[in-house]
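Asker: Sharing a structure here in structure tokens format.
The values are calculated or read from the model by the stated rules, or taken from the named source; none is laboratory data. The structure presented is a predicted model; accordingly, all values stated were derived computationally and were not measured. Cβ: placed from backbone, ideal geometry, glycine included. Neighbour counts: every protein chain shown. Ligands, DNA and RNA are excluded from the accessible area calculation, which covers all protein heavy atoms including side chains. Shrake-Rupley method; radii C 1.70, N 1.55, O 1.52, S 1.80 Å.
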Amino acid sequence: MKNIALLGSTGSIGTQTLEIVREQEDLAVVALAAGKNISLLENQIREFNPKMAVLWEEEDAEDLRGRVKDLPVKVLSGMEGLLEAAVMPESEILVTAIVGMLGIRPTIAAIEAGKAIALANKETLVTAGHIIMKLAEEHHMPILPVDSEHSAIFQSLNGERGNKIHKILLTASGGPFRGKKREELQAVRVEDALKHPNWSMGRKITVDSATMVNKGLEVMEAKWLFGVDLEQIQVVVHPQSVIHSMVEYEDGAVIAQLGTPDMRLPIQYALYYPRRRKLLGKRLDFSKLASLTFEEPDMDTFRGLGLAFAAMRRGGNIPTAYNAANEKAVSMFLDRRISFLQIPEIIQACMESCTYAGEPDVGRILETEAEVYSFIESRW
């Protein structure tokens with residue numbers, strides 16, 4: 001039996017993780033953490049019987065305590081609750097699927113406590129990759145990627161230890177606005193941005209896919225996860241989302257991981273690595289695949305992707321500024337306070353205005369986030 005702690009249990013990755021627990025017989029959940037969805041978390045507690053549950057607000061946690069007082073579950077709140085869940089002695093692996101930089105401190109604590117990390121929280125490596133990867137190496141703890149693209153790269157590297165990577169080919173669907181130009185995106189509505197052609201995801205990440213900021217974040221994450229130079233990462237638009245990413249080696253061989261667009265596959269692979277387990281669901285039928293096509297990304301229209309490369313080249317706390325600006329801008333777009341095309345404009349302005357720090361610690365990373373939020377609130 002493998003015990004897992006799950007941060008972000010009510011989101012898209014969290015609920016699909018629990019689907020896998022439901023299907024398998026040798027996984028147990030010892031801790032669950034969510035943001036504000038009290039009712040769903042209560043249902044999850046009753047089904048999976050964790051020893052601990054966490055909500056962000058103490059008021060919500062108190063509500064949950066009343067609802068589950070008939071069960072032997074400890075209910076906590078806030079960052080202290082997340083940290084306690086991350087280091088539970090009973091857990092072997094932490095699935096970190098919460099959105100935002102909230103994931104940094106629990107991930108650090110879990111690594112220091114000897115937990116493997118199944119990482120679905122991009123912001124952790126985007127903003128603190130220089131801290132996380134060094135710490136994981138020091139404690140000999142694996143960082144197992146859950147994102148479909150990074151899992152595909154991870155799988156394509158298996159058995160190739162010692163062989164030199166020439167290039168990582170990071171695939172992108174292109175999102176709902178692939179092929180459109182800037183003038184065609186002037187009147188984009190929230191509803192338009194949330195219509196992803198291939199994947200079912202949460203609202204924030206779906207908007208990120210529409211702007212291609214999500215791919216920018218994945219570029220930053222890939223650099224840290226796989227220890228490559230930024231120039232060795234190439235984004236390739238692949239509308240069918242069948243090839244999830246590829247690795248080209250120095251001899252020219254390209255190894256790819258293919259599959260249907262189903263996030264349960266990379267989640268389960270991380271939970272059981274290095275073993276593969278049966279997974280119910282659709283399979284690729286190559287006789288019905290009409291074609292697999294590839295394009296270069298349009299960085300003039302989707303400026304968020306180019307800004308990610310620029311942020312990573314500058315380094316320091318600029319990727320944090322990029323990420324924090326995007327989080328705030330997407331929230332404002334979803335609230336209909338700004339237009340779709342203002343998202344990259346806000347990101348660029350924050351990158352340019354941010355006070356630079358070369359080797360930020362966790363405190364400086366969080367200060368950069370606050371600085372960016374304050375700058376946006378004063379301008380928009």
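Asker: Return only the number of the condition from (1) over 22 Å from S12 (Cα atoms); (2) modelled with pLDDT of 95 or more; (3) surrounded by 18 or more Cβ atoms within 10 Å (Cβ to Cβ) that L185 does not satisfy.
Answerer: Only one criterion in (1) over 22 Å from S12 (Cα atoms); (2) modelled with pLDDT of 95 or more; (3) surrounded by 18 or more Cβ atoms within 10 Å (Cβ to Cβ) is unmet by L185, namely (2).
Asker: Could we say that E112 is touching a Ser or Thr at 6+ places or on another chain (Cβ under 9 Å), surrounded by fewer than 19 Cβ atoms within 10 Å (Cβ to Cβ) and at pLDDT 95 or above here?
Answerer: no
Asker: Out of all the residues in the stretch 4-22, which are at pLDDT 95 or above, open to solvent by 40 Å² or more (accessible area, probe 1.4 Å) and not β-branched (V, I, T)?
Answerer: Selection gives E19, R22.
Asker: Can you tell me which residues in the stretch 337-359 are touching a residue at least 60 places away in the same chain (Cβ under 8 Å) and open to solvent by less than 30 Å² (accessible area, probe 1.4 Å)?
Answerer: Restricting attention to the stretch 337-359, the residues satisfying the condition of being touching a residue at least 60 places away in the same chain (Cβ under 8 Å) are 339-341, 343-344, 347, 359.
Matches in the stretch 337-359: F340, L341, I343, P344, I347.
Asker: Is there a residue in the stretch 80-101 that is assigned to a helix (DSSP H, G or I), modelled with pLDDT under 95 and within 23 Å of M220 (Cα to Cα)? Reasoning before the result, please.
Answerer: At the first step, the residues of the stretch 80-101 found to be assigned to a helix (DSSP H, G or I) are 80-86, 101.
From the residues that got through so far, the ones that are modelled with pLDDT under 95 too are 101.
Those still in the list that are within 23 Å of M220 (Cα to Cα) too: 101.
Yes, because at least one residue in the stretch 80-101 is assigned to a helix (DSSP H, G or I), modelled with pLDDT under 95 and within 23 Å of M220 (Cα to Cα).
Asker: Could I ask something else about it? So, of the residues in the stretch 193-249 that are part of a helix (DSSP H, G or I) and of a type in the set (S, T, N, Q), which turns out to be most open to solvent (accessible area, probe 1.4 Å)? Talk me through it step by step, then tell me what you get.
Answerer: Residues of the stretch 193-249 that are part of a helix (DSSP H, G or I), as a first pass: 193, 203-211, 213-226, 230-232.
Adding the requirement that they be of a type in the set (S, T, N, Q) leaves 206, 209, 211, 214, 232.
Values: T206: 8, S209: 17, T211: 7, N214: 14, Q232: 42 Å².
Among them, the one singled out is Q232.
Asker: Also, I was wondering about something else. Where residues in the stretch 72-105 are over 19 Å from L125 (Cα atoms) and of a type in the set (A, V, I, L, M, F, W, C), which of them is most open to solvent (accessible area, probe 1.4 Å)?
Answerer: V87
Asker: Does at least one position in the stretch 167-176 carry a residue that is out of contact with any Leu (no Cβ under 7 Å at 6 or more places or on another chain), surrounded by 13 or more Cβ atoms within 10 Å (Cβ to Cβ) and at pLDDT below 90?
Answerer: Yes, the conditions are met somewhere in the stretch 167-176.
Asker: Can you tell me which residue within the stretch 259-280, out of those that are open to solvent by 50 Å² or more (accessible area, probe 1.4 Å) and in a loop (DSSP other than H, G, I, E, B), is nearest to S209 (Cα to Cα)?
Answerer: Filtering the stretch 259-280 down to residues open to solvent by 50 Å² or more (accessible area, probe 1.4 Å) leaves 261, 265, 273-278, 280.
If we keep only those that are in a loop (DSSP other than H, G, I, E, B) too, we end up with 261, 273-278, 280.
Numbers: P261: 14, Y273: 27, P274: 29, R275: 30, R276: 28, R277: 29, K278: 29, L280: 27 Å.
Top of the filtered list is P261.
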